[in-house]
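Asker: Okay, here's the structure, questions in a sec.
The numbers here are math on the coordinates, done by the rules we state, and not lab data. This one's a predicted model, so the numbers in the text were calculated from it and none came from an experiment. For neighbour counting, all protein chains shown are included, and Cβ atoms are generated from backbone atoms with ideal geometry for every residue, glycine included.
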Amino acid sequence: MNPYLPHLATIQEIIPETASQDVKTFRVVFTDPEIRRSFTYQPGQFAEVSLFGAGEAPISITSSPTQEGYLEFSVKRAGVVTTALHYRQVGDPVGIRGPYGNNFPYRDMEGQNIVFIGGGIGLAPLRSLITFVLDPANRSRYAGISIIYGARSPGDLVFKWELERWGERDDVDLQVTVDRGDDEWTGRVGFVPQILLDLAPRPDNTVTVTCGPPIMIKFVLQNLEKLGFTPAQIVTTLEMRMKCGIGKCGRCNIGSSYVCQDGPVYTYEQLRKMPAEY
Amino acid sequence: MPVTDALRETAAQLLAEGTVQVVLGWERGTLPLRTTPLPARTVEEAGRLVADATCDNNLTLYLTRLKEERVGLVARPCEARALVEYLREHRVTPGRVLAIGVPCTGMLSRRALEARLGGRLPEAGRLDGDQVVGTAGGAEERIALAEVLEPACRGCRLPDAAVYARVLGHPCPPAGDRHTLLQRSDNLAADARYAEFVEAAARCLRCYACRQACPLCYCAECFTDRSAPAWVGPSDDLSDTMLFHLTRAMHLAGRCVDCGACVRACPVGVDLSHLNLALGREAAQRFGYRPGLDPADRPLVATFRPDDPEEFIR
Amino acid sequence: MRRGEPAVARLLAENELDSILARVAERNALWVPAGDGEQSAFALYRPGLALRQEAGPTRRTAKEIFFPRTEILFTYGEDDGPPRLEAPPAEVLPAVVYGLRPCDARALTMLDPVFEDPGYPDGLWGGRRRGATLVGVGCTRPSRACFCTSVGGDPAGEEGLDVLVVPIPGHYLARAVTDRGEEWLQALDLPRAGPDHEAAAVRAAAAGAGLAVVDTEGLPAKLERMFGHAVWEQLHERCLGCAACTYLCPTCHCFDIVDEGGSRLRNWDSCMFPLFTLHASGHNPRLSGKERMRQRIMHKFSYYPQRQGRPACVGCGRCVEVCPVNLDLRSVLAQLKGVEA
Amino acid sequence: MSQTWEPKIVAFLCHWCSYAGADLAGISRLQYPANVRVIRVPCSGAVNPFYLLKALQRGADGVLVSGCHPGDCHYLAGNMVARRKFALLKKLLEHVGLEPDRVQFSWVSAAEGQKFADVIREVTESVRALGPARHLQKARRALCR
């Protein structure tokens, strides 16, 4: 068995997300119809995306298992592989192997309110779970759904078409904010952690799921504790430099926990017991 | 007074009176005939300092890691030459380092000793005057230190005496011309020289011990760590390994102080210091330049003379 | 091999070793320790090749046979063309490795759970491992840096071996450890050893004792509380940050994956390098030498034990020998053991 | 192979002089071998010796760096510093048996279209005489079967 061998897939659609186009969403479809059927995943998992000649990178699957036939990855242009991916066009081949890692504990969340707190590209992994719980087949299993999402500027907001759809639903409380507005921006202005304090979700029967830049996470965690949330009620997902994605290459560990296998999803309760090396 | 006693006394005094906060030296290591760097911060620690033919490492590289304001540096000519380069390249501020000159008899070559002991590592060993006493396979042997010296110690160059703040004995006089070591490769045909280079590259594991042990290889980000895109590939490809060693040698042209720390650091016995030596000879012969002697010198490849030879230019 | 029943000891004359190895090499790839000093390593046998036996362990480890410094994971064709994926054939590759030290073999058993993790078995490692017959030679004269007995090893240990050979005057006494070893030995058609030979072997094995002792009792549990300890500041001070220790360690297995010239390659990598954990964003969770050295020690003596129940160190002493600044792992462990947690 | 082989030469040309010299050669319809691939650089002093090694590694049979005549550097002395660096590089290549003639240097001003054509001809012929470069070239890997 060669666990490093990816499945071939084709880019079916590319959606520019941010105004500067430093984030794009890639919809890919496996070449082999058999893989298309057999490749199953859970919200929160990631895959290794290959650009042959450039390498591969671990990227969270931003689509939801409820969306069949394709996978979506929202990618910020940062390193060698993500830059190469940004130069690819519809119809170009990529490689996909996975899915890897654990997933959001969506079973345990049933019957509870969920507060999603995202910043910038950090909405990408959350979107998989948001889409999953909002799916007609699943929505009734969850209580109130709130989404607090922020970015540096209106141009940096990702998934604008999703935000619109979520905003139109009356079973979702969507709050979008930007650090700094522009001439056309009529929405909220302010940092995500502050908006969180202002909105003050109640901790009873509620779980929060957060992902964003480290500085945002730091203050979101502080503010959630102020609001009375226990560490077990706070779920987050981490990113680390990875190569193999399957617990062998030895670089993504935080203490004895391998983010590629034991993560990337951790509760704050787990995280607090781990060395602060991430 | 034996140099070790004088060193310990001087270091203790400098620390006690607060002239420096740390004295960078060596102490006995855990293996026979080995030492390990010791940043001595207390009078007690100063009592462990040693300076002899088993001090493998060039201490100067630790200067910029230390946080202390005033540092005493136990300096053989190798440390002193590297310090001259550090002063010249503004790596350290002139007043920060107090160099304590210690005499040097040349470094014991562990490799040469092992060969003399029938290919065995000594289980025990000590220096006894100008002799090395090593025990391997239960048998004790006495060997003259001069017979098992590091090649780099032939042709030692003495830096400007003004570099030392204290001198605890007279450094060894230069013994022979280091560049004569190049005679062997000079006499080989180009193909044979290339074959030797390939053989060394094939053995190199790219662990970068040579780079890390080198006081002058101090780039914040080495070109080998440029990964977007990668300047040199990380695999066992010979051309990448050759590119690494060639480029490292170019970066050290006119800067290498020929201390041999890179050679002693290599875990698999690769010695490519002759690349640096060849460039050093060219610098001396073509441009009249010798690194590590005078902090006031302008860097070799950051300057020029209008009449620098250009016979190779069309 | 039937449990509880000691395998028959066979006798291999010292002066026949070469002809026997030559016979083995006719049928299988045969790896043997060869070369001098720092250049010693396992090499493919060829007639007349001088074996490295008495002079101590090879500088380079036997892990390289199973986990080479660079290998192709698969090829994908031209960098710019349409990908045509082709993987190395997944097959069991028969080989014999003669002359491993017991610590070398034990190290392989520590790498097995990493590469052979049932979730994602690595067929490249597995194919070579399953095909290899490991014939170890017991240590009768440990090297000056050895400390195998301090980390659960034994100079005449059998773990991971198929056959253990013990040198006795004029001969080697060979005993199978596994069925595969028994089969291999039987094929050689060697004479049985007598009681005198067996007694000599016991004496020879005992001569391997008397190694440096490092007290690692309870260290893994203690280290779990020592991540933020001030001692790391002091411990890493002399460390140069090279990869000599990790590249020559028989249990270090970190690797990098890169694309190059139509192949996806796996290359050795080291936790001692800054690039190892550098994110594309520029963030680096292990920013300085302190974090990197801590990772190396913690991985071997805390993280791996938490996952696999024993330290990832066999006490071969290579890291002690190769460290350019003689930063001795044994002293590091003693210091960690000694300080208040 | 030997019948169809043509040397590939990568030329790093200074923007202020040799690149313009190449232009002039073109405008003047001067004939010179088509073996050269030009990379424009701000100054011969900006050419890192590593670039030359990398070009050889990645398939060039020869490399040329061409800058302004001494005294004419747009940045005052970039070419003079380059002269030192490349003298050292050539010595290093020679020392390790790496065919120093694969790395060549010239001074060509913006007015010297003819000299540029001559240099390219000479360099091409001297590299042709050396044959295909292999010493520093990256090896192709193949799957073991």
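Asker: What shape does chain D take by its C-alpha gyration tensor, where a ≥ b ≥ c are the square roots of the eigenvalues and a/c under 1.5 counts as rounded, a/b above b/c as prolate, and the rest as oblate?
Answerer: oblate
Asker: Taking each pair of different alpha-carbon atoms in the protein assembly as shown once, compute 1/r for the pair, average those values, and report the inverse of that mean as the Kirkwood hydrodynamic radius in Å to one decimal.
Answerer: 32.5 Å
Asker: Now for a different question. Lysines within cross-link reach of residue D:91: Cα-Cα under 25 Å, excluding same-chain residues under 8 positions apart?
Answerer: Within reach: D:8, D:54, D:138.
Asker: From the P(r) of segment B:181-314, can you give the percent of Cα pairs sitting at distances over 27 Å?
Answerer: Value for segment B:181-314 (Cα pairs over 27 Å): 25 percent.
Asker: Show me the ranking of peptides C:105-117, A:43-55, D:24-36 by mean Cβ neighbours inside 10 Å, starting with the highest.
Answerer: Taking the mean over residues of other Cβ atoms within 10 Å, the ranking is A:43-55, C:105-117, D:24-36.
Asker: Can you compute the modelled spin-label distance between residue C:233 and residue D:75, with each label point 7 Å from Cα toward Cβ, in nm?
Answerer: 4.3 nm
Asker: So what is the relative contact order for chain C, in percent, with contacts set as C-alpha pairs under 8 Å and at least six apart?
Answerer: Rounded, it is 20 percent for chain C.
Asker: How high is the relative contact order of segment D:1-52, in percent, with contacts defined as C-alpha pairs under 8 Å that are six or more residues apart?
Answerer: Computed over segment D:1-52, the figure is 50 percent.
Asker: For the pair residue A:186 and residue B:69, what calculated FRET efficiency results from E = 1/(1 + (r/R0)^6), where r is the Cβ-Cβ distance and R0 = 41 Å, to the nearest 0.05?
Answerer: After rounding, the FRET efficiency stands at 0.15.
Asker: Moving on to the next point. Take A:199, B:293 and order them by how many other Cβ atoms sit within 10 Å, fewest up front.
Answerer: A:199, B:293
Asker: Under 19 Å Cα-Cα from residue A:24, which lysines qualify once same-chain neighbours fewer than 8 residues away are excluded?
Answerer: Here the lysines satisfying the reach criterion relative to residue A:24 are A:76, A:160.
Asker: Within segment B:52-73, name every residue whose backbone N is under 18 Å away from a label modeled 7 Å from Cα of residue B:112 along the Cβ vector.
Answerer: Zone members listed by number: B:52-58.
Asker: If you take each beta carbon of peptide B:194-203 and count the beta carbons of other chains within 10 angstrom, what is the mean?
Answerer: Partner-chain Cβ atoms within 10 Å, mean over residues of B:194-203: 2.
Asker: Separate question: Return a whole-number percent for the relative contact order of segment C:175-268, with Cα pairs under 8 Å and 6 or more residues apart as the contact set.
Answerer: Averaging sequence separation for qualifying contacts and normalising by length gives 10 percent for segment C:175-268.
Asker: Then there's this: Return C:143, B:235 ranked ascending by Cβ neighbour count within 10 Å, so the fewest neighbours appear first.
Answerer: Fewest to most other Cβ atoms nearby, the residues stand as C:143, B:235.
Asker: Distances longer than 25 Å among the Cα atoms of chain C: what percent of all pairs is that?
Answerer: 56 percent
Asker: Output the Kirkwood hydrodynamic radius of chain B, Cα pairs only, in Å rounded to one decimal.
Answerer: Kirkwood radius, chain B: 20.8 Å.
Asker: In straight Cα distance, which lysines are under 24 Å from residue C:300, not counting same-chain residues fewer than 8 positions off?
Answerer: Qualifying lysines at Cα under 24 Å: A:243, A:248, A:273, C:63, C:222, C:290, C:337.
Asker: Now for a separate question. Quote the FRET efficiency, to the nearest 0.05, computed for residue B:19 versus residue B:192 with a Förster distance R0 of 60 Å and r equal to the Cβ-Cβ distance.
Answerer: 0.65
Asker: Set the Förster radius R0 to 22 Å, insert the Cβ-Cβ distance between residue B:144 and residue B:167 as r into 1/(1 + (r/R0)^6), and round the FRET efficiency to 0.05.
Answerer: After rounding, the FRET efficiency stands at 0.25.
Asker: In nm, to one decimal, how far is the modelled label at residue A:13 from the one at residue A:66, with both set 7 Å along Cα→Cβ?
Answerer: 1.7 nm
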